[in-house]
Amino acid sequence: MDFSIRAAKPEDSKDISRMIMELAVYEKMPDQVKISHKELEQDGFGANPFYHCVIAEVPEKQKSKDGHTTVGYALFFYTYRTWKGRTIYMEDLYVMPEFRGKGIGKALMSTVARIGQEQQCACLQLSVLDWNRPSLDFYLAKGAQDLTATEGWHFLRFDGDAMEKLAQEAP
Amino acid sequence: MDFTIRAATLEDCKDISRMIMELAEYEKLSDRVKVTQRDLEQDGFSKNPFFHGIIAEVPEKHKSKEGHTKVGYSLYFYTYSSWKGRAVYMEDLYVMPEFRGKGIGKALMSKVAQLGLAAGCNQLDFTVLDWNKPSLDFYLSQGCLDITANIGYHCMRCEGDALERLAQGDT
């Protein structure tokens, strides 16, 4: 199957938003999606973007059952490790189910890795749900290490009221 | 004890570098620190910084046994959740042992939350090692959630040869 990978543009925000919801449904947490394509457009395509995105497209003749030619995406941003320096974090990687098994996911991830290298990033980081065996296997096969399993790292989060409450105690 | 929290400047990089090494020693991983004072200056204080820093300072009369007045720091940067939007990630939080128990760590973390909220963020994320009971207990007592324990997110990383092969599309 023909496909191409390119940088996302503001006009892609609706398709990215659609696919974010599809990924959330797959991760069994669709009620957790709170932002719309408007926030995505604002936050990803202004003067100081909070994230970057690459899109996978297929030609019109191979469009999806629902008529989409934008069939996958990877959303990423730059982070920092005080021990190793610049890193690239892949927040989302998604390919529509009917387009899987054709190398699109791998091409998206390789593109993010290459972009990271161009920006002198020492590593690519991401997170995956422990029950998501297909994705875990995919990433482990690409040479990723599971730092939670091997070193004991846990993600912690303050959100909503907890974050407000914490902020109110700042000097 | 008197202390103040303020934004880090270029001149603070020497002390930040010292405290990064102290934190790495506490985490039993000091041989992993590759970032130098110069890297911090370049990556944190250029036009598009990879991170931001805040410093905790005490007056001269309360300086440490070795004569330091910069006794704690936090490094953070902005990230993105495709579900919730803008977020802030606290990469490091550290207070020198002889200055602990005086509210400095809490003040630093609160400041990061405050700065994050001001930037339109609705999540403050960070990681902690599962054996680090004092830190885990401190964070949980402040109202945060353990996303790894509760939902099952694992931190994954690709670096070195694995990252090279991924970038070349060779996996």
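Values in this text are rule-based calculations from the coordinates and carry no lab data. Remember, it's a predicted structure, so these values are computed and weren't measured experimentally. No Cβ is skipped: glycine too gets one built from the backbone with ideal geometry, and neighbour counts run over all protein chains shown.
A few points about this structure:
- A cut-off under 13 angstrom between Cβ atoms defines the neighbours of B:Trp131, and their net charge, with Lys, Arg +1 and Asp, Glu -1, is -2.
- Partner chain coverage, peptide A:124-132 - average Cβ within 10 angstrom: 5
- Here the residues B:Lys111, B:Lys65, B:Lys14, ranked from fewest to most Cβ neighbours within 10 Å of their Cβ, fall in the order B:Lys65, B:Lys14, B:Lys111.
- Efficiency of FRET between A:Glu98 and B:Ser30 - r from beta-carbon atoms, R0 41 angstrom, step 0.05: 0.25
- Averaged over residues, the count of other Cβ atoms within 10 Å places the peptides A:135-141, A:53-59 in the sequence A:53-59, A:135-141, highest first.
- Which listed pairs, of A:Lys34/B:Lys133; A:Lys9/A:Lys34; A:Lys28/B:Lys84; B:Lys70/B:Lys102; B:Lys28/B:Lys133; A:Lys61/B:Lys84, have C-alpha distances above 23 Å, in listed order: A:Lys34/B:Lys133; A:Lys61/B:Lys84
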